[in-house]
Structure formats: C-alpha cells, structure tokens
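The values are calculated or read from the model by the stated rules, or taken from the named source; none is laboratory data. Remember, it's a predicted structure, so these values are computed and weren't measured experimentally. Cβ atoms come from the backbone with ideal geometry, glycine included; neighbour counts cover every protein chain shown.
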Amino acid sequence: MTTANDALNRLKAGNQRFVANVRDISAETNESRRAQVLESQHPFAIILGCSDSRVPAEIVFDQGLGDLFVVRVAGNIVTPSLLGSVEFSAVQHGARLVVVMGHTKCGAIQATVGELKQPSSALSPNLQSIVDCIQPSVEKLVEEETDESKLISLATRANVHASVAQLTTNSEVLNDLVSNDGLQIIGAEYSLETGKVEFFEEADGDSQHA
C-alpha cells in the first residue's frame, strides 16, 4: 500500500513533469498497461476535482491507467454520492491520500459569487443545488471583499477547505481511516495560467507548490 506521503510525492513529481512538458512513458496508454489493470485496480491516490474540461487530473499529474481514482463534479463539491465514491476507493483500493483540487477561474465559483451578489431565478434546480453547496463557504467573503479577482481566488480556496472538512465530518468511514489507518485528506489548487498545483494542507501544516 502506498502511504499518503509517498502518494503526495508522486503527484508532485507528476505535476512537475506536466509543467515541464516531459511525459513519463509509464503513463502512456498502451496494450500492456491495459492488460495489467484488466482484472483489478490499485490507484495510489483519490482526486476529488472539478469537472472543468481544462483540469483533467490524470494529465495534470502525468499519470496513467489505474493510477488515480478520480471523482469530478462542478465546483469540486461534496455530495452523498461523491462521498460514497471516495469511501469506496479508500476502503476497496486502499488509497491513503485524498486530494480535493479546485482551480483558478472556476465557473462554479464565479456563478455562486454572481448569485450571491445578484440573485436570479434563471438557474435550474440542479444548478442551484451546486450553488447551494458552495454558498456557505463563500458568502462571508462576498460581503467583505470588494476586489472581484481577489474575491474569486479567496472563494475558490475557501470552497476547497470546506470540501476537505466535509469529507471527514460527513463520513464516519473516512474519519476512522484518518484517525487509525493513515489516510490524509488535503486541499489543492490548480493554476490554469501556469499548470502548477499548489497543495494547501500537509502533515507539517505548510502549503507549497508541486
């Protein structure tokens, strides 16, 4: 089983390769790799990311088939079904690192901020449910921050932190794995501008770039 720290180091190294435009040949999809993962999978990390087409986790971290268990939803929010998916991989596959990854210029964050500033009735109930999930973590920022770009940046990070917290507070399974079996749940942000991933929360409490 890959430890959380080893998994984090693999993600950092992969992101460094991505930024440098150097691809690991082992991440390439080919017949041999497909055969290796045909009967079972052993992903070393779980990524809860945004559905944004510009942020595919496998590419951002330069990983291949079977390496990552990826759950994607607009705004990287935590809902019961997504929580169940994370629980599934942590229990069944033994992945000991969960990364909640937001990103710059997130449309879900921008939509939520826009709704809080100027509510409308144009959103469908399903889209409104996404806004409702994000709203609690960003509404105070909307009241306090007047600079729009700074507001979006702060709101993106606040939403990631909220999702990290919800993964343990809303799941006895994950909370037990964190307390007793080495599971780590951390936040991160991908920069559309640079391609770099910044990890927010680590064992030593520091944030740093991959």
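A compact table of results
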{"quantity": "Qualifying positions in the range 55-80 - touching a residue at least 60 places away in the same chain (Cβ under 8 Å) and within 18 Å of residue 11 (Cβ to Cβ)", "calculated": "55, 60, 61, 76"}
{"quantity": "Out of 90, 111, 95, sole residue that is assigned to a loop (DSSP other than H, G, I, E, B) and among the hydrophobic types (A, V, I, L, M, F, W, C)", "calculated": "95"}
{"quantity": "Index of the failed condition, residue 33 passing every other in (1) closer than 22 Å to residue 167 by Cβ; (2) in contact with a Leu (Cβ under 9 Å, 6 or more places away or on another chain); (3) of a type outside the set (Phe, Trp, Tyr); (4) surrounded by fewer than 20 Cβ atoms within 10 Å (Cβ to Cβ)", "calculated": "(1)"}
{"quantity": "Unique residue being modelled with pLDDT under 95 and of a type in the set (Val, Ile, Thr) when the list is 156, 146", "calculated": "146"}
{"quantity": "Evaluation of residue 198 against (1) of a type in the set (D, E, K, R); (2) surrounded by fewer than 16 Cβ atoms within 10 Å (Cβ to Cβ); (3) modelled with pLDDT of 95 or more; (4) not in a helix (DSSP H, G or I) (one fails), failing number", "calculated": "(2)"}
{"quantity": "Hits in the range 81-110 (condition: surrounded by fewer than 17 Cβ atoms within 10 Å (Cβ to Cβ), over 20 Å from residue 152 (Cβ atoms) and touching a residue at least 60 places away in the same chain (Cβ under 8 Å))", "calculated": "91, 94"}
{"quantity": "Residues (hydrophobic (A, V, I, L, M, F, W, C) and either surrounded by 13 or more Cβ atoms within 10 Å (Cβ to Cβ) or at pLDDT 95 or above (or both)) located in the range 111-134", "calculated": "111, 113, 116, 123, 127, 130, 131, 133, 134"}
{"quantity": "Filtered residue count, the range 36-72, keeping only those that are small (Gly, Ala, Ser), in contact with a Leu (Cβ under 9 Å, 6 or more places away or on another chain) and modelled with pLDDT under 95", "calculated": "0"}
